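The values are calculated or read from the model by the stated rules, or taken from the named source; none is laboratory data. Because the structure is predicted, anything quoted here is derived from the model rather than measured. Using ideal geometry, Cβ is built from the backbone for each residue, glycine included, and neighbour counts are taken over all protein chains shown. When the accessible area is computed, the model is the full protein with side chains, heavy atoms only, and any ligands, DNA or RNA have been set aside. Shrake-Rupley method; radii C 1.70, N 1.55, O 1.52, S 1.80 Å.
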Amino acid sequence: MYNKEDKILIIGAGGQIGIELVQELSLLYGSSNVIAADLKPIEALEVNPFEKLDVLDKDALLGVIKKHKISHVYLLAALLSATGEQNPMFAWKLNMEGLFNVLDLAKEKHISRVYWPSSIAVFGPTTPRINTPQYTVMEPTTVYGISKQAGERWCEWYFHKYGVDVRSLRYPGLIGWKSAPGGGTTDYAVHIFHEALKNKTYECFLSADTALPMMHMEDAIRATIEIMHAPAENIKIRGSYNLAGISFTPEQIAAEIKKHIPDFTITYKTDFRQDIANSWPQSILEDEARNDWKWSAKYNLPSLVKNMLQNLA
Ligand code: NAD
Ligand code: SER
């Protein structure tokens, strides 16, 4: 259910998710109705209107919203887990103030709907790591995870207090071939394909047996669009919904790649990202997303690997 009259603003459109989301939403709304905003111009998105925008500048953000008569904002600008640990105070500032700026403009009725992604990083080492449910212990240990957990609570608060129609997904690590990842702990699962095709070998910064939930970007984009187009009464969780994706280890994805590139090899040299990965779930349950807005993913590990290799080749 979507209204062709809606006008969309995607903030952080030049990032891993933004590029693909702009392209998919443009198919639905028309590219002139999907405005891409980022700190710098985006080569991959030449056909969409572009606004150079810092989401921390609330006046400039309001100016863009008024100029284009925006109804829906997708807020993707953030520092991710690995870069966040290297610049913790700025990660907190960007991840929280950016969200407040958008939620406040929704509260003031300048926009009618907000999408803001959360992450598996909201969980922590005290969370049950296998089949992590929607509701459980959550003690994140990264600045990124703390900002996402706080963001979830604020989204829910703005919904209850001011009726802000904000929707959110806890993405697993995302794997796509159209855009590069931007500084997360799950980035290895994208880099591995590029290196497999170019050099037939990859040095992984996580250990062989580190299981994490991951998802093909196509599924993630479809989930994003489906939750944003679901009837408001179906969105029963205004914090953020678990998405399960596919759980695998570096060793398992390497074995799947070897089925296509038999002489591919993987080596392991762990760094600070190993500790981050160790604090996250290995697998996740998504019953609420399935029940409330009928979510169902399409990709499994073999089809994800085949799709990535075919498209990147
Ligand atoms: P990314 O780092 O690839 O892209 C972020 C974009 O935001 C970049 O193009 C950057 O230039 C832009 N940006 C940064 N600061 C900005 C500012 N002040 N104003 C405007 N734009 C700014 O990130 P991504 O992977 O596309 O992630 C997008 C969102 O999804 C983030 O909130 C992230 O936490 C969340 N998420 C991503 C993943 C993943 O695996 N990619 C998983 C879980 C959650
Ligand atoms: N893919 C993200 C990261 O690794 C998870 O939110 O930071």
Work from the charge dipole of the chain (Cβ charges, +1 for Lys and Arg, -1 for Asp and Glu, about the Cα centre) and give the residue of N48, G184, A82 farthest towards its positive end. N48
In square angstrom, rounded to the nearest 10, how much accessible surface does S71 have for a 1.4 Å probe? 20
Run down the lysines and flag those whose C-alpha is under 16 Å from the C-alpha of K294, throwing out any fewer than 8 positions away in its chain. K236
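Compute the FRET efficiency between S296 and W157 as 1/(1 + (r/R0)^6), taking r as their Cβ-Cβ distance and R0 = 30 Å, and round to the nearest 0.05.
Between S296 and W157 the formula returns 0.50.
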Considering Cα pairs under 8 angstrom that are at least six residues apart, work out the relative contact order of the chain and quote it in whole percent. 18
Expressed as a whole-number percentage, the relative contact order of the stretch 238-291 with C-alpha contacts under 8 angstrom and at least six residues apart is 64
Expected unfolding gain across K67-A255 under the 0.36 nm per residue rule, minus the alpha-carbon gap, is 62.6 nm
Just to be sure I understand the model, the point goes 7 Å from the Cα along the line to the Cβ. What's the resulting E288 to D271 distance in nm? 3.4
Calculated FRET efficiency, D57 and D263, Cβ-Cβ r, R0 51 Å, to nearest 0.05? 0.50
In terms of Cα to Cα distance under 16 Å, which aspartates and glutamates are near enough to K269, apart from those fewer than 8 places away along the same chain? D187, E195, E203, D209, E251
extent check for the stretch 31-100: Cα max minus min per principal axis, descending, whole Å, gives 37, 26, 17
How much of the DSSP beta bridge set in the chain is antiparallel, as a percent to the nearest 5? 10
Straight-distance crosslink candidates among lysines, where the alpha carbon sits under 16 Å from K66 and sequence neighbours closer than 8 are dropped: K7, K52, K58, K107, K109
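Before anything else, pin down the relative contact order of the stretch 166-313: Cα pairs under 8 Å, at least 6 apart, normalised by residue count, whole percent.
Relative contact order, the stretch 166-313: 36 percent.
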Please calculate how many Å² of accessible area the stretch 1-83 carries per residue, with a 1.4 Å probe and no DNA, RNA or ligand atoms counted. 46
Check: the stretch 137-253 dipole with +1 on Lys, Arg Cβ and -1 on Asp, Glu Cβ, in debye: 320
Of R167, R238, R290, which is the most mobile in a GNM of the chain whose springs link Cα atoms less than 10 angstrom apart? R290
Pseudo-spin-label distance L28 to E5, built 7 Å along Cα→Cβ, given in nm, is 1.8
Inter-part distance where the stretch 1-34 and the stretch 93-120 are each reduced to a Cα centre, Å: 17
Separation in nanometres of the label points that stand 7 Å from Cα toward Cβ, at L39 and D104: 2.1
What value, in deg cm²/dmol to 500, does the helix sum -39500 (n - 2.57) over DSSP H runs of n ≥ 4 give at 222 nm once divided by the residues of the chain? -12500 deg cm²/dmol
Work out the P(r) tail for the stretch 197-313: percent of alpha carbon pairs separated by more than 25 Å, whole number. 35
Could you calculate, for the chain, the ratio of the Cα radius of gyration to the Kirkwood radius, expressed as Rg to Rh? 0.95
Given springs between every Cα pair under 10 Å in a Gaussian network model of the chain, which of V164, V64, V55 has the largest fluctuation? V64
What does the charge count around Y2 come to, taking other residues whose C-beta lies under 15 Å from its C-beta (Lys +1, Arg +1, Asp -1, Glu -1)? 0
Quick one: check the C-alpha center-to-center distance for the stretch 44-78 versus the stretch 287-313, whole angstrom. 29
